[in-house]
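**Q** Starting off with a structure, shown below.
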Amino acid sequence: MTEPEPAATASADGASAGVSISGLHKSYGDNEVLKGISMTVRPGEVVCLIGASGSGKSTLLRCVNRLEDPNAGTITVGSFETTHPDVDLDAMRRHIGMVFQQFNLFPHLSVLENCTITPRRVLKQATSEAEAEAMVQLRRVGLEDFAQRRPDQLSGGQQQRVAIARALTMRPQLMLFDEPTSALDPETVGDVLAIMRQLAEAGMTMLVVTHEMGFAREVADRVVFMDKGLVVEEGPAADVIGNPQQPRTQDFLRRVLNPTGVDLEA
Ligand SMILES: Nc1ncnc2c1ncn2[C@@H]1O[C@H](COP(=O)(O)OP(=O)(O)OP(=O)(O)O)[C@@H](O)[C@H]1O
Ligand SMILES: [Mg+2]
C-alpha cells in the first residue's frame, strides 16, 4: 500500500487531505466498470475527471467515500484507508464532502436547517453552534439572505450553492463533485463554478467530474481522462485539453467541444 499523503497546511479551513488510488477494480455482475485505476490527488490540488458517459467516473468517485465497495485495490484519503475492511466509515465520511448533480437537499427543511442537520446529528453540535457555522458557509456562497427559504424557492444554481455550503459545514478535507453544473440552467452555471474556483483558491483538495472544459482548463491543476474503466491520459489541464496525445482523448474532446459536429473552421 502507498503511504498516505501528509496533510497540507495551506487550506483556509484547516488541513486538506490527499487522495491515493491504486489498482481499483469494480464490477456490477459481469460488467467490469473500473479495470484497474491508479491516480493521485495531492493535498490542495484540483483534479478534473473527464470522459464519456458510462466510462466509470461516478463509480470511481463513489468508491472514494465508499458509497460503492470496490472489488480490488486501495484508496487512501489523508490518514484513512477508505477501502480497509475495518475503516470507521462515519469518521472517514466526515472528512469528505460530496456534491451531486441533483442537489439532494431536504425539500421540507429551510436552507439553514439543511445546513445544520448533519453537524447537529453527526457532530452533536448545539443548534446555536451549528447555525453560526452554517451562516459562515452560506455567506461564503453568497446566500446568507436565503437562510429561511425552502429549496423550492431557490433557483437550481442557488440550490447547488446551498449543497456546497452544507458540505462545507462539516469542514471537510476533501470535496468530491459529480457533474455539479450538469442539471443547471446555463445562466446559473457561472455562479456555481465561481464558488468552486474560490474553494480551490482557498486550498481545498477537489476531485471534480465535469464536462465544463473551460473550468477544467482554468482551475484544474491536472486533468484525468477516463475511457471504459481505465485512465487513458492525464497531465496538466493545458496539455490534456489543449494538446491531447491519445486518439481516444482527441476524439472525446472533439465531441465535447463541438457536439454538433459542424466544421467550425470552414
Ligand atoms: N448501481 C449500479 N448497478 C449496475 N450497474 C451500474 C451501477 N452504477 C453504474 N453502473 C454501470 O457502470 C457503468 C459506469 O457508470 P458510471 O455512472 O460510473 O459512468 P459515468 O462515467 O459516471 O457516466 P455519466 O457521464 O453518464 O455520468 C455504466 O455501464 C453503468 O450502467
Ligand atoms: Mg456519472
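**Q** In this structure, does ALA237 turn out to be touching a residue at least 12 places away in the same chain (Cβ under 8 Å), closer than 20 Å to GLY97 by Cα and more than 15 Å from the chain's Cα centre (by Cα)? Show your work before the answer.
**A** Values: touching a residue at least 12 places away in the same chain (Cβ under 8 Å): yes; closer than 20 Å to GLY97 by Cα: no; more than 15 Å from the chain's Cα centre (by Cα): yes.
When the stated conditions are applied, ALA237 does not pass them.
**Q** I would also like to ask the following. Does at least one position in region 205-217 carry a residue that is part of a loop (DSSP other than H, G, I, E, B), within 27 Å of ARG93 (Cα to Cα), touching a residue at least 40 places away in the same chain (Cβ under 8 Å) and in contact with a helix residue (DSSP H, G or I) (Cβ under 7 Å, 6 or more places away or on another chain)?
**A** Of region 205-217, the ones part of a loop (DSSP other than H, G, I, E, B) are 210-212.
Now restrict to residues that are within 27 Å of ARG93 (Cα to Cα): 210-212.
Then keep just the ones that are touching a residue at least 40 places away in the same chain (Cβ under 8 Å); that gives 210-211.
Now restrict to residues that are in contact with a helix residue (DSSP H, G or I) (Cβ under 7 Å, 6 or more places away or on another chain): 210-211.
The answer is yes; a qualifying residue exists.
**Q** Can you tell me which residues in region 1-46 are open to solvent by 40 Å² or more (accessible area, probe 1.4 Å), at pLDDT 95 or above and among the polar types (S, T, N, Q)?
**A** Scanning region 1-46 gives SER22, ASN31, SER38, THR40.
**Q** Quick check on region 161-170. Is at least one of its residues charged (D, E, K, R) and out of contact with any helix residue (DSSP H, G or I) (no Cβ under 7 Å at 6 or more places or on another chain)?
**A** Let us first name the residues in region 161-170 that are charged (D, E, K, R), namely 161, 166.
Then drop every residue that is not out of contact with any helix residue (DSSP H, G or I) (no Cβ under 7 Å at 6 or more places or on another chain), which leaves none.
Scanning region 161-170, I find no residue that is charged (D, E, K, R) and out of contact with any helix residue (DSSP H, G or I) (no Cβ under 7 Å at 6 or more places or on another chain), so the answer is no.
**Q** Within region 238-253, is there a residue that is within 16 Å of ligand 2 (Cβ to nearest atom), open to solvent by 40 Å² or more (accessible area, probe 1.4 Å) and not aromatic (Phe, Trp, Tyr)?
**A** no
**Q** Another question, if that's okay. Filter region 186-219 for residues that are closer than 18 Å to LEU60 by Cα and more than 16 Å from ligand 1 (Cβ to nearest atom); which is surrounded by the most Cβ atoms within 10 Å (Cβ to Cβ)?
**A** For region 186-219, the residue satisfying everything is THR205.
**Q** Consider ALA183 against the criteria (1) within 30 Å of THR116 (Cα to Cα); (2) open to solvent by 10 Å² or more (accessible area, probe 1.4 Å); (3) in contact with a Gly (Cβ under 9 Å, 6 or more places away or on another chain); (4) away from ligand 1 (no atom under 16 Å from the Cβ): it satisfies all of them except one. Which criterion is unmet?
**A** With (1) within 30 Å of THR116 (Cα to Cα); (2) open to solvent by 10 Å² or more (accessible area, probe 1.4 Å); (3) in contact with a Gly (Cβ under 9 Å, 6 or more places away or on another chain); (4) away from ligand 1 (no atom under 16 Å from the Cβ) applied to ALA183, the lone miss is (4).
**Q** Let me ask something else. Just one of ALA91, ALA147, ALA165, ALA130 is open to solvent by less than 40 Å² (accessible area, probe 1.4 Å) and touching a Pro at 6+ places or on another chain (Cβ under 6 Å); which is it?
**A** On the way: ALA91 fails: touching a Pro at 6+ places or on another chain (Cβ under 6 Å); ALA147 fails: touching a Pro at 6+ places or on another chain (Cβ under 6 Å); ALA165 fails: touching a Pro at 6+ places or on another chain (Cβ under 6 Å).
Only one candidate passes the filter, namely ALA130.
**Q** Further question on the same structure: Residues that are away from ligand 2 (no atom under 16 Å from the Cβ) and touching a Leu at 6+ places or on another chain (Cβ under 6 Å): which strands (runs of 3 or more DSSP E) entirely in region 45-137 hold 2 or more of them?
**A** Numbers: elements: 46-50, 72-77, 96-99.
Once the strands (runs of 3 or more DSSP E) in region 45-137 are filtered for at least 2 residues that are away from ligand 2 (no atom under 16 Å from the Cβ) and touching a Leu at 6+ places or on another chain (Cβ under 6 Å), what remains is 72-77.
**Q** Restricting to region 47-65, name every residue that is farther than 16 Å from ARG248 by Cβ and modelled with pLDDT of 95 or more. Break it down into steps so the answer makes sense when it comes.
**A** We begin by selecting, within region 47-65, every residue farther than 16 Å from ARG248 by Cβ; these are 47-48, 58-65.
Selection gives VAL47, CYS48, SER58, THR59, LEU60, LEU61, ARG62, CYS63, VAL64.
**Q** Here is a list: THR188, THR205. Which entry is at pLDDT below 95 and away from ligand 2 (no atom under 16 Å from the Cβ)?
**A** On the way: THR205 fails: at pLDDT below 95.
So the residue among THR188, THR205 that is at pLDDT below 95 and away from ligand 2 (no atom under 16 Å from the Cβ) is THR188.
**Q** Contact list please: Cβ distance under 6 Å, first residue in region 112-134 and free of Cβ contacts under 8 Å to residues at least 24 places away in the same chain, second residue surrounded by 13 or more Cβ atoms within 10 Å (Cβ to Cβ), pairs at least six apart or on different chains.
**A** ARG120/ALA130; GLN125/PRO119; GLU131/THR116
The values are calculated or read from the model by the stated rules, or taken from the named source; none is laboratory data. Note that this is a predicted model, so its numbers are computed, not measured. Virtual Cβ from ideal backbone geometry, glycine too; neighbours counted across all protein chains shown. Note: areas computed on protein heavy atoms with side chains; ligands, DNA, RNA excluded. Shrake-Rupley method; radii C 1.70, N 1.55, O 1.52, S 1.80 Å.
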